[in-house]
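Novice: Handing you a structure now.
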Amino acid sequence: MELSENALKVLNKRYLAKDEKGNIIETPEEMFKRVAKAVAKADEIYDKDADVIATEKKFYDLMTSLRFIPNSPTLMNAGRPLGQLSACFVLPIEDSMDGIFDSVKNAALIHKSGGGTGFSFSRLRPKGSTVKTTGGVASGPVSFLKVFNSATEAVKQGGTRRGANMAILRVDHPDILEFIKCKEDNSEITNFNISIGITEKFMEAVFKGEDYELIDPHTKAIAGKLNAKEVFDTIVKMAWRNGEPGIVFLDRMNKDNPTPALGEIESTNPCFHPDTLISTEEGLVRIEDLYKKYGNNMFNIITDNRVIKDKISQNVKDYYENGVTLRPAKVYKTGIKKTIEIILHSGQTLKVTPEHKIMTSLGWKEACKLSIGDEVLIQSSKGFFKYDDKIGEELGLFLGWLSGDGWLTSDEKVLGMVFAEYEEYILRKMQSIALKYGAGEGIINKRENGTWQILFKRKEFVNAIKSLGFEAKKAHEKRVPKSIFTASKNTVAAYINGLFSSDGTVNFVDDNHRDIRLSSTSIELLRDVQLLLLNLGIYSNIYNRTKSHPSNFEYITKDGEKRVYESKEYYELIITRNNICSFCEEMKDLIQKEKNEKLISINRPSRKNTYYTTKVEEIKESETIEVYDINEPVTNSLVANGVVVHNCGEQPLLPYESCNLGSINLVKMLKLKDGKYEVDYELLEKTIHDAVHFLDNVIDINKYPLPEIEKRTKLTRKIGLGVMGFADMLIMLKIPYNSQEAVDFADKLMGFIDEKSKDASRQLAEKRGAFPAFYDSIYKDEKPIRNATTTTIAPTGTISIIAGVSSGIEPLFAVAFVRNVMDNDKLTEVHPYFEKIIKYRGIYSKELMLKVAEHGTPSHIKEIPEDIKRIFVTAHDVSPIWHIRMQAAFQKHTDNAVSKTVNFKNEATVEDVRQVYILAYKLGCKGVTIYRDGSREGQVLNVGTKDLNKDAEKEKSAPRQRPQITRGITEKVRVGCGNLYITVNYDDNGICEVFTNVGKAGGCPSQSEATARLISIALRSGMSPLEIIEQLKGIRCHSTLRQRANNSDIKVLSCPDAIARTIEKLMNLNQTEKEIDLDETTDLAELIPRMDTKVEKISCPECGNSITHQDGCVICPNCGYSKCG
């Protein structure tokens, strides 16, 4: 094997297996053999006769040739007891104490197993919100971010690898400004990278300079507005200050999400009309009532199994496997929004906000984008009911007949029922039920036409029936009583029995023409019944039987009064095929004997199966109203009005997914031809196919830290094949990194890798099948593919050291640097190809190499020829614009995100950072991470020989001497004690001192002088003026505030506040060599040298050598130490 000394050092320290005493018990070859053997075993899952030994050899050769190396957890844990092979995981954070600390626990388990974690804090309610259950107030996302930071700090990950943490907050969260600034102090939240989730809507507002709305994630109501440009400027300034936060373009990531049916990445908030009936553990409940009952607590809802299960083959056709599952969920009030109404061919309707997604036979589709004829999915199996209720079967039967052939008078005092002449036995049954419940005997009449009538007038009984939800409605306004929707299964069946016995019909013409019907002038009554039937597993359709030319009916009353009745619309609910059998099974025997006999005669199975789908018939605008939504985090779905729909989906990325990563060594993909290097595309294609096979196997042998992660990972089978050594490849091809030629080459190269990785995945699918969520993915109309994603440009810090090549797609960090060795000796380490060329040109010398090492780059060394300088460029030789262009070229052909750091020199301005962020957005990147050299104390990257051998203990800071000559301003400020004269001076190194003097009115001169002296010492000790301003600005003094109310000359809050404002004013003044113009302001960088831009030289905490920022992480090229955050 071709392993460098540095690679062996990293393997020994971090990867090779050790015994209980810490002694290494395997060689690098044995490590790769262990990994190859474990991963190859997955072949047996799909083919019991698979040649596992051949696969093991293929994987071993793949790794030992250094053509491909998997992510670190796979190297560390494959074939060992821990067995956790994934690099990173995404965990949801619920907006409850239980949910939050479940995520903390799960994160600890993942970090213990060697993985990193990504979180979205966007669902946590903002700081200061009322917590209903305790009466307290919420502390907000940032406070819990600190909890997560502390928890993960405490976990030692398997003794080998410290995983990264990523935290994201949506830009429209009310606490966004606090989150943007939460890492202003570099000593806080050290275990997290933070990023802002930015939407297209926000960016549009940035370009227009407009305000945008903040949304409370708990109530979904508008919580305020901020100016988008000002927020964006704050993000840019903080990133310039210390590289945080990064930005993630959420809508762009959603657009490329291969499995939108499984959820969105930080999606918007679709909503339901308050009257929507949700299928729950206790029957059908209005969503508004769920909110009132449960508030912030969990409850169980029905999800349809077809959302997450694959189709099955039957009779040469593919079908969904029907069924439902109970899952915990929460309900939210989301504000007042406009809704649309979807009317289905079955007769069902649904009112939702336009962006709400509906499950169709072709996958999820927004309601506003549905077309007439689109096929939507409805509940495909029996639902759930309460175990018991206060109604009972007898009253259920009574209510059913009352709904069909009964009424409550408009004064709500009398209940009445009517029966046919031959239905006296049913009348007596109803009379006995009513008598049992306190109605008395009732008043029975036989009408002239032979029909029977019974009236109940006892107030207690009438009120009892009203309390169950029976209302005084005209025939065309009737509804199912509210209590029936949440009654027990037996009570619901009894109600339907009574209703169909009174108003239903059973028809039989022949075996192909038999059905059960329920007629009514109230379509809403039939829709209610339809949902009750569906929850019993009985599918039905509603048809409009209204005449095209309705006529009026006239008659003369016995008093001689002429009355005209308008004919009403008329509807029928019809049950056919095997649903007749289901109806008979649930109803047992109808109370109406004649109908029951007919029902028995038609109760025969049908050869035609029921497909729980129906088509869209009409879409129309509906009212603007207060709306609600539900979150179910596993399937992101629910059943509403019998229709399978998406929930709010506001999940942190896709929850419970894991990253299974590996990288191709591009240097090994080169071949010499006629004395020049070129890409060996044949070898690259073979490597891609072998690597995809390897990574797909990893998914099957992985030991997942949580069952939810295993389920989600195997549902999509996402893999991330990436690259490393790209900068080295460019050098050997003699292409400058910072050139259009390099960008075009990257476009072609990654396009090839993406295409061939998809080909390899499709070939695997032929043998192993597509990923289970394939038919809910963007690939559903294409040839089956094994993996929902195949490409990712991931951080390759330590595995690139093992391979001996440059990291990921980053440019070289240094062409040469000095390494500390035994007895404080220094060894100059030079890029091998650079050294080879220099020797070939005959200009090699140790002195020249040391000179290159001092600078890290040959770009400013006159002895180096220009053609060599041109290709051996380093991260700081490459302008940020080229960094972004290169990232965009790779992103174009990468399924997931591209991990890359845009490096800035220390003297870069805020405007430089802004331009890069805007360019990243315009070029289609999914996110940006930047780092300005020297901007993070304790994490600074420096190349060269200076200060690399410092002791671990830092020298104590001492203030520099006061300069002999200074320049500055003096400002008179009115405070509560009189006039305060503030002088702020600066020299070539920045602001260096502050003096104060109080006027004749007196005041507190000693305190002001003490404050000024401490500020001066702090400034000359290197403290940033910005830190001082932040600490002093806003301090209040009672004396100043009292007088300020009546004195317009007082514009400050206290003496410290006045000092801070004067320092800030100086920092914003435009200075020329001759004088300071108090009327012109400019950027701080143009005014004076800044104390806070001083570049510290900090070394690796483990080996003392220089560390670098690459792929969004801190990497030590000497010992392999890495840390993201």
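The values are calculated or read from the model by the stated rules, or taken from the named source; none is laboratory data. Here the structure is a predicted model, which means the values were calculated and not measured. No Cβ is skipped: glycine too gets one built from the backbone with ideal geometry, and neighbour counts run over all protein chains shown.
Novice: What number of residues within the stretch 27-51 satisfy the criterion of being over 19 Å from Gly804 (Cα atoms), of a type outside the set (Gly, Ala, Ser) and buried (at least 16 other Cβ atoms within 10 Å of the Cβ)?
Specialist: Residues flagged as over 19 Å from Gly804 (Cα atoms), of a type outside the set (Gly, Ala, Ser) and buried (at least 16 other Cβ atoms within 10 Å of the Cβ) within the stretch 27-51 amount to 7.
Novice: Okay, moving on. State the number of residues belonging to the stretch 859-887 that are farther than 20 Å from Gly725 by Cα, of a type outside the set (S, T, N, Q) and in a loop (DSSP other than H, G, I, E, B).
Specialist: 6
For (1) modelled with pLDDT of 95 or more; (2) more than 36 Å from the chain's Cα centre (by Cα); (3) under 25 Å from Val723 (Cα atoms), each residue gets a yes or a no:
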{"site": "Ala40", "(1), (2), (3)": "yes, no, yes"}
{"site": "Ala50", "(1), (2), (3)": "no, yes, no"}
{"site": "Thr55", "(1), (2), (3)": "yes, yes, yes"}
{"site": "Leu66", "(1), (2), (3)": "yes, no, yes"}
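Novice: Another question, if that's okay. Could you please give the count of residues in the stretch 1-16 that are part of a loop (DSSP other than H, G, I, E, B) and over 36 Å from the mean Cα position of the chain (by Cα)?
Specialist: Of all residues in the stretch 1-16, those part of a loop (DSSP other than H, G, I, E, B) come to 1-4, 16.
Filter once more, keeping what is over 36 Å from the mean Cα position of the chain (by Cα): 1-4.
Total meeting the criteria: 4.
Novice: Can you find a residue in the stretch 1013-1029 that is over 29 Å from Glu907 (Cα atoms) and either over 48 Å from the mean Cα position of the chain (by Cα) or of a type in the set (Phe, Trp, Tyr) (or both)? Talk me through it step by step, then tell me what you get.
Specialist: If we filter the stretch 1013-1029 for residues that are over 29 Å from Glu907 (Cα atoms), which is where we start, we get 1013.
Among the residues that remain, those that are also either over 48 Å from the mean Cα position of the chain (by Cα) or of a type in the set (Phe, Trp, Tyr) (or both) are: 1013.
Within the stretch 1013-1029, one or more residues are over 29 Å from Glu907 (Cα atoms) and either over 48 Å from the mean Cα position of the chain (by Cα) or of a type in the set (Phe, Trp, Tyr) (or both).
Novice: Kindly list, by first and then second residue, each pair from a residue in the stretch 397-414 that is in contact (Cβ under 8 Å) with a residue 12 or more places away in the chain and not assigned by TED's automatic domain parsing to the domain that holds Lys482 to a residue that is surrounded by fewer than 21 Cβ atoms within 10 Å (Cβ to Cβ) and assigned to a loop (DSSP other than H, G, I, E, B), limited to pairs with Cβ atoms under 9 Å and residues at least 6 apart or on different chains.
Specialist: Here the result reads none, with nothing in the stretch 397-414 linked to a residue that is surrounded by fewer than 21 Cβ atoms within 10 Å (Cβ to Cβ) and assigned to a loop (DSSP other than H, G, I, E, B).
Novice: Under the condition of being hydroxyl-bearing (Ser, Thr, Tyr) and farther than 22 Å from Ile809 by Cβ, which residue from the stretch 650-666 is modelled with the lowest pLDDT?
Specialist: So in the stretch 650-666, the residues hydroxyl-bearing (Ser, Thr, Tyr) come out as 656, 658, 663.
Now drop any that are not farther than 22 Å from Ile809 by Cβ, which leaves 656, 658.
On the way: Tyr656: 72, Ser658: 80.
Per the criteria, the residue is Tyr656.
Okay, residues lined up against (1) among the small types (Gly, Ala, Ser); (2) modelled with pLDDT of 90 or more; (3) crowded, with 22+ Cβ neighbours inside 10 Å:
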{"site": "Glu204", "(1), (2), (3)": "no, yes, no"}
{"site": "Phe207", "(1), (2), (3)": "no, yes, no"}
{"site": "Tyr212", "(1), (2), (3)": "no, yes, no"}
{"site": "Ile235", "(1), (2), (3)": "no, yes, yes"}
{"site": "Ala239", "(1), (2), (3)": "yes, yes, yes"}
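Novice: Tell me the strands (runs of 3 or more DSSP E) entirely within the stretch 532-633 that contain at least 2 residues that are surrounded by 18 or more Cβ atoms within 10 Å (Cβ to Cβ), at pLDDT 95 or above and in contact with a Leu (Cβ under 7 Å, 6 or more places away or on another chain).
Specialist: Filter on the stretch 532-633 gives 571-575, 613-631.
Novice: Related question: Restricting the search to the stretch 56-82, which residues are more than 22 Å from Gly797 (Cα to Cα) and either surrounded by 23 or more Cβ atoms within 10 Å (Cβ to Cβ) or in contact (Cβ under 8 Å) with a residue 24 or more places away in the chain (or both)?
Specialist: Across the stretch 56-82, the qualifying residues are Lys58, Gly79, Arg80, Leu82.
Novice: Take the residues in the stretch 724-743 that are part of a helix (DSSP H, G or I) and of a type in the set (Val, Ile, Thr); name whichever of them is nearest to Thr901 (Cα to Cα).
Specialist: So the first thing to find is which residues in the stretch 724-743 are part of a helix (DSSP H, G or I), and the list is 726-732, 740-743.
Within this subset, residues satisfying the condition of being of a type in the set (Val, Ile, Thr) are 731, 743.
On the way: Ile731: 20, Val743: 16 Å.
Here the answer is Val743.
Novice: Among the candidates Ile168, Ile189, Ile235, Ile196, single out the residue that is of a type in the set (A, V, I, L, M, F, W, C), part of a loop (DSSP other than H, G, I, E, B) and either closer than 22 Å to Leu923 by Cβ or in contact with a helix residue (DSSP H, G or I) (Cβ under 6 Å, 6 or more places away or on another chain) (or both).
Specialist: Numbers: Ile168 fails: part of a loop (DSSP other than H, G, I, E, B); Ile235 fails: part of a loop (DSSP other than H, G, I, E, B); Ile196 fails: part of a loop (DSSP other than H, G, I, E, B).
Exactly one of Ile168, Ile189, Ile235, Ile196 is of a type in the set (A, V, I, L, M, F, W, C), part of a loop (DSSP other than H, G, I, E, B) and either closer than 22 Å to Leu923 by Cβ or in contact with a helix residue (DSSP H, G or I) (Cβ under 6 Å, 6 or more places away or on another chain) (or both), namely Ile189.
Novice: Of the conditions (1) surrounded by fewer than 19 Cβ atoms within 10 Å (Cβ to Cβ); (2) under 27 Å from Tyr425 (Cα atoms); (3) at pLDDT 95 or above, Phe508 satisfies every one except a single condition; which number is it?
Specialist: Of the numbered conditions (1) surrounded by fewer than 19 Cβ atoms within 10 Å (Cβ to Cβ); (2) under 27 Å from Tyr425 (Cα atoms); (3) at pLDDT 95 or above, the odd one out for Phe508 is (3).
Novice: Right, Val307: surrounded by 22 or more Cβ atoms within 10 Å (Cβ to Cβ), more than 26 Å from Ile484 (Cβ to Cβ), in contact with a Leu (Cβ under 9 Å, 6 or more places away or on another chain) and at pLDDT below 90 or not?
Specialist: Numbers: surrounded by 22 or more Cβ atoms within 10 Å (Cβ to Cβ): yes; more than 26 Å from Ile484 (Cβ to Cβ): yes; in contact with a Leu (Cβ under 9 Å, 6 or more places away or on another chain): yes; at pLDDT below 90: yes.
Answer is yes for this residue.
Novice: Identify, by number, the condition in (1) more than 35 Å from the chain's Cα centre (by Cα); (2) without any contact (Cβ under 8 Å) to a residue 24 or more places away in the chain; (3) assigned to a helix (DSSP H, G or I) that Lys105 doesn't meet.
Specialist: So Lys105 meets the others, but not (1).
Novice: Please state which of the following conditions Asp95 fails to meet, knowing it meets all the rest: (1) at pLDDT below 95; (2) part of a helix (DSSP H, G or I).
Specialist: Asp95 satisfies all of (1) at pLDDT below 95; (2) part of a helix (DSSP H, G or I) except (2).
Novice: Looking at the stretch 357-364, can you tell me whether even one residue there is at pLDDT below 90, in contact with a Pro (Cβ under 8 Å, 6 or more places away or on another chain) and of a type in the set (Phe, Trp, Tyr)?
Specialist: Going through the stretch 357-364, the residues at pLDDT below 90 turn out to be 357, 361-364.
Subsequent filtering for residues that are in contact with a Pro (Cβ under 8 Å, 6 or more places away or on another chain) retains 357, 363-364.
Of the ones still in play, those that are also of a type in the set (Phe, Trp, Tyr) are 364.
Within the stretch 357-364 (the criterion being at pLDDT below 90, in contact with a Pro (Cβ under 8 Å, 6 or more places away or on another chain) and of a type in the set (Phe, Trp, Tyr)), the answer is yes, since at least one residue qualifies.
Novice: Going by the conditions given, is Glu471 more than 27 Å from Glu594 (Cα to Cα) and surrounded by fewer than 17 Cβ atoms within 10 Å (Cβ to Cβ)? Talk me through it step by step, then tell me what you get.
Specialist: Numbers: more than 27 Å from Glu594 (Cα to Cα): yes; surrounded by fewer than 17 Cβ atoms within 10 Å (Cβ to Cβ): yes.
Yes: the conditions hold for Glu471.
Novice: From Leu402, Leu397, which residue is touching a Gly at 6+ places or on another chain (Cβ under 7 Å), crowded, with 21+ Cβ neighbours inside 10 Å and assigned to a helix (DSSP H, G or I)? Talk me through it step by step, then tell me what you get.
Specialist: Values: Leu402 fails: touching a Gly at 6+ places or on another chain (Cβ under 7 Å).
Only one candidate qualifies: Leu397.
Novice: Something else about it: Quick one: in the stretch 138-160, of everything that is loosely packed, with under 14 Cβ neighbours inside 10 Å and modelled with pLDDT under 70, which residue is nearest to Gly128 (Cα to Cα)?
Specialist: Among those residues, the one meeting the criterion is Ala154.
Novice: From the set of residues in the stretch 480-505 that are crowded, with 17+ Cβ neighbours inside 10 Å and closer than 22 Å to Arg545 by Cβ, which is nearest to the chain's Cα centre (by Cα)?
Specialist: Here the residue is Val480.
Novice: Give the stretch 428-485 a look and list any residue that's outside any helix (DSSP H, G or I) and of a type in the set (Phe, Trp, Tyr), or say none.
Specialist: Of the residues in the stretch 428-485, the ones outside any helix (DSSP H, G or I) are 437-458, 468-474, 478-481.
Tyr437, Trp452, Phe456, Phe470 - these are the residues of the stretch 428-485 that are outside any helix (DSSP H, G or I) and of a type in the set (Phe, Trp, Tyr).
Novice: Please go through the stretch 707-766 and pick out each residue that is touching a strand residue (DSSP E or B) at 6+ places or on another chain (Cβ under 6 Å) and of a type in the set (D, E, K, R). Please lay out each step first, then the result.
Specialist: Going through the stretch 707-766, the residues touching a strand residue (DSSP E or B) at 6+ places or on another chain (Cβ under 6 Å) turn out to be 709, 713, 720-725, 727, 732-733, 754, 757.
Passing the criteria: only Asp754.
Novice: What's the number of the only condition in (1) in contact with a Leu (Cβ under 9 Å, 6 or more places away or on another chain); (2) surrounded by fewer than 24 Cβ atoms within 10 Å (Cβ to Cβ) that Ala897 fails to meet?
Specialist: (1)
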